[in-house]
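A short write-up of the structure that comes next.
The values are calculated or read from the model by the stated rules, or taken from the named source; none is laboratory data. It should be emphasised that the depicted structure is a prediction, and the values quoted were computed from it without experimental measurement. Cβ placement follows ideal geometry from the backbone for every residue including glycine, while neighbour counts extend to all protein chains displayed.
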Amino acid sequence: MKHYLGTKTGRRYPIESMAWHGDGGELLDLEPFSVAFPLDKIRARPGTLWRYQEALPFDASDDSWKSITMGEGFTPLVQLDPEQPHLFAKVDYMMPTLSFKDRGAAVLVAKAKSLGAKHLVQDSSGNAGTSIAAYAARAGLRCTIFVPEATSPKKLKQISLFGAELRIIAGSREATASAAKEFAKQDDVFYASHVYNPFFYQGTKTYAFELWEQLGKAPDTLILPVGNGTLVLGCFYGFSELLAAKMIDRLPRIVAVQSGQCDPLTRAFANDNPVVEPVVNQGTAAEGIAIAAPARGTQIVHAIRASRGTIVSIAEDLIEPARRYLASRGYDVEPTSAVNIAAFTAYPKWFPPNETVVLPLCGAGIKSL
Ligand SMILES: *Cc1c(COP(=O)(O)O)cnc(C)c1O
């Protein structure tokens, strides 16, 4: 993988350019590269996401990741409730910074380091910034994180502790993104965006590989929270690669979940609109998925359709009871992470009995107090 690919024009851009968009602002994907899943080798390696080496975008000679990994990945897959024997939770907050964003950050920061980046900038409503800050610290790279003023104080403390410079921006999540893009125009700054940089999705796709290995097959249905789509698209890419390699015989359906207070993707999907129109965030406890104008919206809607799935919204008053239910099963998650189980309960027609359903617990509760 030597090039980024423009999503509109198909134009190729060298990865060394460290660009985060193409001409005319087009989004970038990664040029396809060959992947393999040698199970014997995989099983002999440590329980981290790096066990899928032959499917990750690093040449065999590039071991930049070895000094950066914190052992992220291969999170537990557990039955949530004996009364729901086919429902599994993947406890993806059991990660170095307590959210699944470490999957993407580990891969992206390792790649940035091997490309020679010295100063990373990133914007996020919390968890992605925390992850990038931690891995930047480990990689010895300077790091600046932009966050909206409403970000949970716990996440701000986490970011500062990792030594990143924090820029708190008044106004919306979108205002924060604009400020980071402006900052990224400086020559020596690498925009380590979980939204724009395709290497982030090369990390989140390992969620799919782990499920395949842990279950010995693909599940029937995945329930996934969706804001910017880093987990939805990562899963879609990961399972598509497993399908192409004939490791599974069909894609799992993806039931993606938004907050009813901020659900541009649900609306676009319901209206069969390939273009996702921005909405106004009405305010939600599910801050991690409150994305009013998702940059990769068209790709997300396409992925959900290709998986034969759907996008649903959860009413605000279902979030806290769902969080309490998870606590009754022993899991303390941040409110965003409760929308998945709320969707399982609210939309039973998507989950026929006897079909295997997996939902992630994405972020730890202790982050959100
Ligand atoms: C980032 C995040 C999400 C949503 O991921 P997107 O990439 O925005 O779709 C869900 N839950 C938690 C806890 C997160 O940190």
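What is the residue count in segment 290-309 for residues that are within 14 Å of the ligand (Cβ to nearest atom), under 23 Å from Tyr347 (Cα atoms) and at pLDDT 95 or above? Summing the residues that are within 14 Å of the ligand (Cβ to nearest atom), under 23 Å from Tyr347 (Cα atoms) and at pLDDT 95 or above in segment 290-309 gives 5. For segment 336-369, filtering for residues that are within 12 Å of the ligand (Cβ to nearest atom), polar (S, T, N, Q) and not in a helix (DSSP H, G or I) leaves 1. Among the residues making up segment 131-148, those that are farther than 14 Å from Phe200 by Cβ and either β-branched (Val, Ile, Thr) or more than 16 Å from the ligand (Cβ to nearest atom) (or both) are Ala137, Arg138, Ala139, Gly140, Leu141, Arg142, Cys143, Thr144, Ile145, Val147.
Please verify whether Ile159 is surrounded by 22 or more Cβ atoms within 10 Å (Cβ to Cβ), within 14 Å of the ligand (Cβ to nearest atom) and within 18 Å of Gln186 (Cβ to Cβ), treating the condition exactly as stated. Against the criterion (surrounded by 22 or more Cβ atoms within 10 Å (Cβ to Cβ), within 14 Å of the ligand (Cβ to nearest atom) and within 18 Å of Gln186 (Cβ to Cβ)), Ile159 does not qualify.
Find all pairs meeting these conditions: Cβ atoms under 8 angstrom apart; at least six residues apart or on different chains; first residue within segment 50-64 and under 25 Å from Cys235 (Cβ atoms); second residue in a loop (DSSP other than H, G, I, E, B) and of a type in the set (Lys, Arg). Pairs found: Arg51/Arg45; Gln53/Arg45; Ala55/Lys205.
For the residues Thr221, Thr206, Thr230, Thr266, the requirement of being away from the ligand (no atom under 14 Å from the Cβ), at pLDDT 95 or above and within 22 Å of Glu334 (Cβ to Cβ) singles out Thr206.
Within segment 85-115, the set of residues being more than 16 Å from the ligand (Cβ to nearest atom) and without any contact (Cβ under 8 Å) to a residue 24 or more places away in the chain comprises Pro85 only.
Screening Ala177 with (1) without any contact (Cβ under 8 Å) to a residue 60 or more places away in the chain; (2) away from the ligand (no atom under 14 Å from the Cβ) gives one miss only, at (2). The condition of being of a type in the set (A, V, I, L, M, F, W, C), part of a loop (DSSP other than H, G, I, E, B), away from the ligand (no atom under 13 Å from the Cβ) and out of contact with any Gly (no Cβ under 7 Å at 6 or more places or on another chain) holds for only one of Val275, Val312, that being Val275. Here Glu287 meets the list (1) crowded, with 20+ Cβ neighbours inside 10 Å; (2) at pLDDT 95 or above almost entirely, failing just condition (2).
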